[in-house]
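Encoded as structure tokens, the structure appears first; notes follow it.
What follows is calculated from the coordinates using simple rules that are stated; it is not laboratory data. Note that this is a predicted model, so its numbers are computed, not measured. Ideal geometry is used to build each Cβ from the backbone, glycine not excepted, and the neighbour counts take in all protein chains shown.
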Ligand code: NOJ
């Protein structure tokens, strides 16, 4: 069996060895999680549902991108993995997997075809059926309100650039709370606003109507002025986050609600002072820009000044106090990989360049670096006053070397190693005082992976996209055992 990382090999050797020793815990685990730890797995509406024009659903921006502009190698989410029709079969698989919680997102345009106004009852019915089926199988639903499939009708009115977007979103959130809040106790307001608004929206917009040269080295290296223009949109989104949290509580619901951020430790590529400074800037852009308003009700001044050099932000008086007064119950972390950055005089992105993945086995979302998860959680714990944390996503895919279906089996040893290595890191964080409540593997199923279309598989369960046949991978068995033993 091949392991991608040196520490993966060491961990494997260590676990095999220590498991046989009498000092191992009563259940023979080397790594045991707290008794009430939430084991889950995640998906998102556009990536799995399909049924893109069925039962009154409206159009989302991703329907438009993929059907009108060939953004994902010609792939679309029109059918995806057809979970809209196959949710019972899929929930049976999730039940077998043993997860305690399934994180899925709502298609805003399925519930409100125009984004606001008339409700589509068939959309409400679909999510009611999904939720009830999950509960009947002892799986708790965890709803992400918004995972990127923004209603096209609202995008046409300026989307997040329009301050009305705060109320559009709040009304949608209220509809969801009032429709499902009696059976759902975990709510995620937004998924990865950085990727949505600072990367995909400008990057895709630029592919459709080019205004700047495509980033030659790494998609995250968008020009300073482009990022600065997006900054006000992120503020409207953070206001919508706070308003949804306020609404949830004012309606008297007692569940937990929070936002999910994609976070990456950012390291300097060399020991030079310049690289160090640049790593702090990139860290501010990716991490602090969202952590600070979500957990403190403020923006990092250094990054705000960088953005305002190009475009003044539209923050109204009272906004920051509102953010501060309406912070979430937990912070959701999506962790995949760290970034390593170095100076590059040619770069239009704050003079820095993101370094290539140094690992031998290349994961789709960059370097496999499990310690990064520990570091992130410790940092959040100490910097932001010990918040509750949920790992709402973590996962990997490595391409054909790890993901080929042969005789009805997928031997994805690299994914298993990735999973275990990151769980070791998560447990270490718990042992060091981090209030980590749960872990959701991304993803339960292979699905539509945005700009990569169907080329990048992250699932525990293999999906044949032509026949929709689901096949259990080795990693599904591994995760099932981990959940059964509450560790490994
Ligand atoms: C983050 C996103 O939330 C999810 O939609 C995506 O598929 C995974 N990462 C994997 O890239």
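What the table shows:
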| read-out | value |
| --- | --- |
| Ranked packing of 442-452, 174-184, most packed first, by mean Cβ within 10 Å | 442-452, 174-184 |
| Gain in span if fully extended, residue 156 to residue 324, counting 0.36 nm per residue against the direct Cα distance | 57.4 nm |
| Computed lengthening from residue 316 to residue 79, 0.36 nm per intervening residue step minus Cα-Cα distance | 81.1 nm |
| Inter-label distance, nm, simple model (7 Å from Cα along the C-beta direction), residue 135/residue 405 | 3.4 nm |
| Taking 457, 379 and counting other C-beta atoms within 10 Å, the order from fewest to most | 379, 457 |
| Exposure proxy ranking, count of Cβ atoms within 10 Å, fewest first, for 472, 148 | 472, 148 |
| Overall form of the chain per C-alpha gyration tensor (a/c, 1.5; a/b vs b/c) | rounded |
| Burial ordering of 316, 428, fewest other beta-carbon atoms within 10 Å first | 316, 428 |
| Additional length obtainable on full extension of the chain from residue 67 to residue 302, 0.36 nm per residue less Cα span | 80.6 nm |
| Rounded if a/c under 1.5, otherwise prolate or oblate - the range 230-373, Cα gyration tensor axes | oblate |
| Pairwise Cα inverse-distance average, inverted: Kirkwood Rh of the range 56-104 (Å) | 12.9 Å |
| Value at 222 nm in deg cm²/dmol, rounded to 500, when DSSP H runs of n ≥ 4 in the chain each add -39,500 (n - 2.57) | -12000 deg cm²/dmol |
| Prolate/oblate/rounded label for the range 93-144 (Cα gyration tensor, a/c 1.5) | prolate |
| Using a Förster distance of 22 Å, the FRET efficiency for residue 182-residue 122 (Cβ separation, nearest 0.05) | 0.65 |
| Alpha carbon centroid spacing (whole Å) that separates the range 65-129 from the range 244-294 | 27 Å |
